[in-house]
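I am attaching a structure below and will ask some questions about it afterwards.
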Amino acid sequence: MTPAAPAPGERRLSLPPVPRRTVLATGALAGAAALTSASFVDDSARAAYSSPYFLHGVASGDPLAHRVLLWTRVTPEPGATPGSGRGPAVTVRYEVSTDTRFRHLVTSGTVRTDASADHTVKVDAWGLQPGRWYYYRFVHRGVASPVGRTRSAPDYASVPERVRFGVVSCANLQAGYFHAYRHLAARSDLDAILHLGDYVYEYGPGEYGMGPDDVDVRTHVPAREMTTLTDYRQRHAQYKQDPDLQWLHSKYPFIVTWDDHESTNDAWRDGAENHQPATEDTWERRRARAHRAYDEWMPVRMSSTTALGDGTRLFRSLRFGRLAELSMLDLRSYRDEQAAYPIVDATVSRPDRTITGREQMDWLKRAVASREVQWKLVGNPVMIAPVTFAQLPTALLDPVNDVTGLLPRDGSPYNVDQWDGYTDDRRELFTHIRDQGIRDTVFVTGDIHSGWAADLPYDVATYPLGRSAGVELVCSSVTSNNLKDILAARPRTASLGVESVIKLANRHVKYLDFDSHGYSVLDVTSARVQMDWFVTGARDQRNAGSTWATSFQTLAGTNTLRRASAPVGGN
Amino acid sequence: MTEHPQRHEHRGCVPVRRGPSPFLDGDPERERLRPAADRRTFLKVAGAGGAGLLFSAAPGAETAVAAPRTWNRAYVLVVDGCRPDEIDSGLMPNLKALRSSGTTYPAARSLPVMETIPNHVMMMTGVRPDRNGVPANSFFDRALGEERTLDRPGDLKASTLLWWARKHGMTSGTVLSKEYLYGIFGRQATYRWEPRPIVPISGHAPDSFTMDATLSIVERFDPHLVFVNLGDVDRVGHTDLTGGLSLEVLRRTALVTTDLQVGRFVQMLRTTGRWEKSIVVVLADHSMDWSLPHRVISLTRPLAADPFLAGKVEIAQNGGANLLYWTGPASQRQAGVDRMVAIARAQRGVLGVYDRAKVQRQLRLGPEAGDVVVYCQAGWRFSDPNVLSNPIPGNHGHPPTAPIPFFVSGGHPIVRPGSSPLPATTVDVTPTVAKFLGLPFPTGRQAWEGQARI
């Protein structure tokens, strides 16, 4: 593999719109419909690149029936760079309209921001009608931002025919270009984007790149592991200047949660694997900085508000009429430390250890028990399906572990960083689902750089005898290394044996792809939930195509998965 | 604690008959509807295979012809105890096809207590147990001083759709496979099939006989509304010892045979030209949960062991739900309830314990359900007065058994294929059928609580 030119830097990432148009013209999904539907975004992109004030694009998120969160970052003067702490306090106007030319304003107002917020702008745009598309923009000193498009959620009491999400996770900028974001943006049939974590990565150049040699396709800014508030702000700013991500943000509202890399690897309540208190300050302070930057730079309501510094509660629910409720989990802030030795360390099943924390578990149990909606979707940063293994050849153990952490050398059935390492919490949740007669629970998961589809058996040993608590659908990574990357193997060669062994030992696992990068589309109707997996091309090439890999669906009431013959929509 | 050494071993579903019940009110209209052999008119009809089927009918009904008020016909098929996922098991192709041609409600649920009699009563009254007086299969009759089955017409305190249809010039029929269902609905319908032959112990007629009767009542009398209970799936499920091992061998067999009966019914509608003017509402009254022999909860002993409660508590056992009745002085009732709640909550396998009066707005059970409602966890069952009293592995009554299939199918143009996320429940049957038949909806204190699902 030939890496692209190193260190493009955040400004260079946002250079001319030509690459965008090139991408549109050559991308696999750049059909006529996609080009037409994306036209306003192209216009927006040109506005972005010509505007000195809105270099980081626009975004929206957490759609509710009557309001959507709008986000941007204003650069009031050239020196007011992200993380610099410089620049004056300014007022930014926002406008929401039903048309692209802003002739029919629905709501507008002004927002004050300054260096204390890193000049980020977050505002709740109220007064929207449920289930409608809107266009929004920001204006500073008479200069408009790119135009964003967003969609309000259906009314609580409504019965939408469907809701459709793009699903992504694990986008490491150093490991390649964000083809998944671009191909999702090229679609016009989604309602929102579900980002399940690892939106940014903490590593410095050369620490975690593409493949076994950690080649940096692009180089992180700042050029070091992020530990300070300035670091986190600059890293977010760099990602927000990626043109593919900007396009996707401008096209759909995002619903996000964090996993570990928004702070650092294998984070838990009081520490992280990749945190050294002796040289990187206390964990409490480092995590607070990571959370502060996340609050500033992401289109999300932390602690239910757009205000900064008023709390870091990220777990929350979003409702889509009577059809579905999406419960987004935070599985990093409240968890106990990961067990050190999975198979010999009985702590994985100790009832006093938690991955959710008590408050979040009680909230989640209430959410999945809701009688107000049919589908209980759970935005789940790490896998909940139990995974046990027969012994694999030793030669394969380390590479698999590099990607997934699933296979301790002693053959332990646990990945202690996911729900397998906190089995009492999982048992409590599954027992609750069974005891309350809850159906149609779907966990939508990221984290593990591979595509999975699995039933969630109450008893793994006897399955498929016995019943399932629900299903889990796991999207692959946007760019972060998977098994074939670690092995430096050709796709669908070395991984096939591993996948076969895992599926043989885990009959509830219906689909497993250790080799692919890409994205998924989750389509929810009353009759079924279907996830389509799409595979994107070479990470180190600026433009790469996308192909449909497979689809699985769960029919209402069955709590099990079956293969679907074709993907949904696509235009 | 009052001991009842002569109790039957299981009261969850098997009716315990204890003689006639006085009617609890003087409503002359309902008085007219109660079963009385001397006023029944027996109609003998040739059934499938030439066997004679005996129906009872309201006086004059034998000569009646369905009033041409509407050509629409509504059939309610209750696949007793069916789990919604069983229709997707591959063993029930006829039901699956029927569901595919109609509107299905995957979020449908049975209502407390998730037992057969209360949910059939909710289907036909459109109101919850605190209004219809039937909260469970088994209750403690304070007037009689004993536990009994709620199977007497006088137990029913609300008007039924069966009667409402008759009142508005239409005819109705019941083909109910279980004796206690035949009992509770009394003479509400214009035409009633008295279930026979009855399988010993289970107290129900096999589905093949029930379907023979259904076909006959439809073809002979053509009622506007027919209410059918198919009991095999439930009855076989109760006794399937492989259920706790997740094998459900006998149960799966019953799914196949019951599905065949549903296929016969649909075929009859098609061949007789009724399909295009009919809706077929298919649902279950509850689903089913299986327990292993060691997962048994018996509340009799711990309650009797409490000095304050001893001799002052009665238990009505309903499979996965126990109803506790305070029988001590009224002035000590709340203290007694609090003690019962605390003791029941401490038992292994108990899912939830509720002071019924305090959660009246949620449970909607009424005083017949006693003072405390106790649910067991999935995979457990209640067994009182001792751990051997209920040997039946399959049980319901508790929340794990709330999910049910519920769909509105048929050939009438009003039927649309599709799926709805709305949470249909058993009380929705009455307004659904009434709307289809063009019946008026009662208002005020008589108003139905369910939603029409067409």
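The values are calculated or read from the model by the stated rules, or taken from the named source; none is laboratory data. Remember, it's a predicted structure, so these values are computed and weren't measured experimentally. Don't worry about glycine lacking a Cβ; one is built from the backbone with ideal geometry, like all the others, and counts go over all protein chains shown.
Among residues belonging to the stretch A:421-431 that are over 19 Å from A:A324 (Cβ atoms) and not hydroxyl-bearing (S, T, Y), point out the one that is nearest to the other protein chains (Cβ to nearest Cβ).
Out of the qualifying residues, it is A:F430.
I'm told B:D80 meets every condition in (1) away from chain A (no Cβ under 12 Å); (2) in contact with a Lys or Arg (Cβ under 6 Å, 6 or more places away or on another chain) except one. Can you identify the failing condition by its number?
The failed condition is (2).
Sticking with this structure for a sec: Give the residue, chosen from A:A278, A:A237, A:A288, that is more than 14 Å from every other protein chain (Cβ to nearest Cβ), crowded, with 22+ Cβ neighbours inside 10 Å and in a helix (DSSP H, G or I).
So the residue among A:A278, A:A237, A:A288 that is more than 14 Å from every other protein chain (Cβ to nearest Cβ), crowded, with 22+ Cβ neighbours inside 10 Å and in a helix (DSSP H, G or I) is A:A237.
In the stretch B:175-187, is there at least one residue being closer than 30 Å to B:P442 by Cβ and of a type in the set (S, T, N, Q)?
Yes, the stretch B:175-187 contains at least one residue that is closer than 30 Å to B:P442 by Cβ and of a type in the set (S, T, N, Q).
When you check B:D130 against the structure, is it of a type in the set (D, E) and buried (at least 24 other Cβ atoms within 10 Å of the Cβ), yes or no? So that I can check it myself, show each step before the final result.
On the way: of a type in the set (D, E): yes; buried (at least 24 other Cβ atoms within 10 Å of the Cβ): no.
Judged against the criteria, B:D130 is not a match.
Follow-up. Name, by its number, the condition in (1) outside the structural domain of B:F406 (by TED's automatic domain parsing); (2) surrounded by fewer than 21 Cβ atoms within 10 Å (Cβ to Cβ) that does not hold for B:M340.
(2)
Looking at the structure I just gave you, is A:Y199 in the same structural domain as A:E296 (by TED's automatic domain parsing), within 18 Å of the chain's Cα centre (by Cα), among the aromatic types (F, W, Y) and part of a loop (DSSP other than H, G, I, E, B)?
Considered against the rule, which asks whether it is in the same structural domain as A:E296 (by TED's automatic domain parsing), within 18 Å of the chain's Cα centre (by Cα), among the aromatic types (F, W, Y) and part of a loop (DSSP other than H, G, I, E, B), A:Y199 comes out as yes.
Against the definition (at the interface with chain A (Cβ under 8 Å from one of its Cβ atoms) and within 22 Å of the chain's Cα centre (by Cα)), how does B:A434 come out, yes or no?
No, not satisfied.
Oh, and also: Check A:L407 against each of (1) modelled with pLDDT of 95 or more; (2) assigned to a loop (DSSP other than H, G, I, E, B) and name the one condition it does not meet.
Here A:L407 meets the rest and fails (1).
Within the stretch B:271-314, how many residues are under 26 Å from the mean Cα position of the chain (by Cα) and closer than 14 Å to B:R339 by Cβ?
Looking only at that region, the number is 1.
Which residue, of B:P417, B:P403, B:P399, B:P421, is within 14 Å of chain A (Cβ to nearest Cβ) and either surrounded by fewer than 19 Cβ atoms within 10 Å (Cβ to Cβ) or at positive phi (or both)?
Result: B:P417 is the single residue among B:P417, B:P403, B:P399, B:P421 that is within 14 Å of chain A (Cβ to nearest Cβ) and either surrounded by fewer than 19 Cβ atoms within 10 Å (Cβ to Cβ) or at positive phi (or both).
Given the condition buried (at least 24 other Cβ atoms within 10 Å of the Cβ), closer than 23 Å to B:Q317 by Cβ and in contact (Cβ under 8 Å) with a residue 24 or more places away in the chain, answer yes or no: does some residue in the stretch B:268-282 qualify?
No, the stretch B:268-282 contains no residue that is buried (at least 24 other Cβ atoms within 10 Å of the Cβ), closer than 23 Å to B:Q317 by Cβ and in contact (Cβ under 8 Å) with a residue 24 or more places away in the chain.
Which residues, taken from the stretch B:393-405, are in contact with a Gly (Cβ under 8 Å, 6 or more places away or on another chain) and over 16 Å from B:S138 (Cα atoms)?
Passing the criteria: B:P393, B:G394, B:P399, B:P400, B:T401, B:A402, B:P403, B:P405.
Separate question: Looking only at the stretch B:386-399, which residues are at pLDDT 90 or above and either over 11 Å from B:G320 (Cβ atoms) or out of contact with any Ser or Thr (no Cβ under 9 Å at 6 or more places or on another chain) (or both)?
B:G397, B:H398, B:P399
Evaluate the following for A:N380: is it surrounded by fewer than 19 Cβ atoms within 10 Å (Cβ to Cβ) and either under 24 Å from the mean Cα position of the chain (by Cα) or modelled with pLDDT of 95 or more (or both)?
Against the criterion (surrounded by fewer than 19 Cβ atoms within 10 Å (Cβ to Cβ) and either under 24 Å from the mean Cα position of the chain (by Cα) or modelled with pLDDT of 95 or more (or both)), A:N380 does not qualify.
Follow-up question, since we're still on this one. Can you tell me which residues in the stretch B:139-176 are among the polar types (S, T, N, Q) and within 21 Å of B:V433 (Cα to Cα)?
Within the stretch B:139-176, B:S159, B:T160, B:T171, B:S172, B:T174 qualify.
Among the residues of the stretch B:441-448, is there at least one that is within 11 Å of chain A (Cβ to nearest Cβ) and touching a residue at least 60 places away in the same chain (Cβ under 8 Å)?
no
Given the residues B:K178, B:K157, which is the only one that is in contact with a strand residue (DSSP E or B) (Cβ under 7 Å, 6 or more places away or on another chain), among the basic types (K, R) and farther than 25 Å from B:R274 by Cβ?
Testing whether each residue is in contact with a strand residue (DSSP E or B) (Cβ under 7 Å, 6 or more places away or on another chain), among the basic types (K, R) and farther than 25 Å from B:R274 by Cβ leaves just B:K178.
Sort through A:Y181, A:Y156, A:Y177 and tell me the only one that's assigned to a loop (DSSP other than H, G, I, E, B) and within 30 Å of A:N482 (Cα to Cα).
A:Y177
Might you let me know whether the stretch B:354-363 holds any residue that is assigned to a loop (DSSP other than H, G, I, E, B) and in contact (Cβ under 8 Å) with a residue 60 or more places away in the chain?
Within the stretch B:354-363, none of the residues are assigned to a loop (DSSP other than H, G, I, E, B) and in contact (Cβ under 8 Å) with a residue 60 or more places away in the chain.
Out of the helices (runs of 4 or more DSSP H) lying entirely within the stretch B:172-252, which hold 2 or more residues that are of a type outside the set (F, W, Y), under 15 Å from the mean Cα position of the chain (by Cα) and within 30 Å of A:T462 (Cα to Cα)?
Working: elements: B:179-185, B:207-221, B:232-239.
Answer list for the stretch B:172-252: B:232-239.
Moving on. Hey, among the residues in the stretch A:494-531 that are away from every other protein chain (no Cβ under 14 Å) and hydroxyl-bearing (S, T, Y), which one's surrounded by the fewest Cβ atoms within 10 Å (Cβ to Cβ)?
A:S500
So which of A:F320, A:F254 is surrounded by 23 or more Cβ atoms within 10 Å (Cβ to Cβ), within 14 Å of chain B (Cβ to nearest Cβ) and over 30 Å from A:R490 (Cβ atoms)?
None of the other options fit; the residue is A:F320.
On to the next question. For the stretch B:244-277, give me each residue that is within 14 Å of chain A (Cβ to nearest Cβ) and touching a Phe, Trp or Tyr at 6+ places or on another chain (Cβ under 7 Å). Even if it seems obvious, please write down each step before you answer.
Filtering the stretch B:244-277 down to residues within 14 Å of chain A (Cβ to nearest Cβ) leaves B:244-249, B:251-252.
Scanning the stretch B:244-277 gives a single hit, B:G244.
Look through A:A461, A:A454 and report the one residue that is under 30 Å from B:E86 (Cβ atoms) and surrounded by 21 or more Cβ atoms within 10 Å (Cβ to Cβ).
A:A454
Restricting attention to the stretch A:454-479, and to residues there that are more than 20 Å from A:E428 (Cβ to Cβ) and touching a strand residue (DSSP E or B) at 6+ places or on another chain (Cβ under 8 Å), which single residue is farthest from the other protein chains (Cβ to nearest Cβ)?
A:T479
Right, here's the next one. For the stretch B:116-157, what are the residues that are part of a loop (DSSP other than H, G, I, E, B), closer than 21 Å to B:Y191 by Cβ and of a type in the set (A, V, I, L, M)?
B:L156
Give me the residue from the stretch A:60-75 that is assigned to a strand (DSSP E or B) and small (G, A, S) and, out of that set, farthest from A:V139 (Cα to Cα).
Filtering the stretch A:60-75 for residues that are assigned to a strand (DSSP E or B) and small (G, A, S), the one farthest from A:V139 (Cα to Cα) comes out as A:G61.
All but one of (1) more than 19 Å from A:W419 (Cβ to Cβ); (2) of a type in the set (D, E, K, R); (3) away from every other protein chain (no Cβ under 14 Å) hold for A:R562; state the number of the condition that does not hold.
Every condition holds for A:R562 apart from (3).
Tally time: how many residues in the stretch A:545-558 are more than 12 Å from A:D513 (Cβ to Cβ) and more than 7 Å from every other protein chain (Cβ to nearest Cβ)?
Of the residues in that region, 7 qualify.
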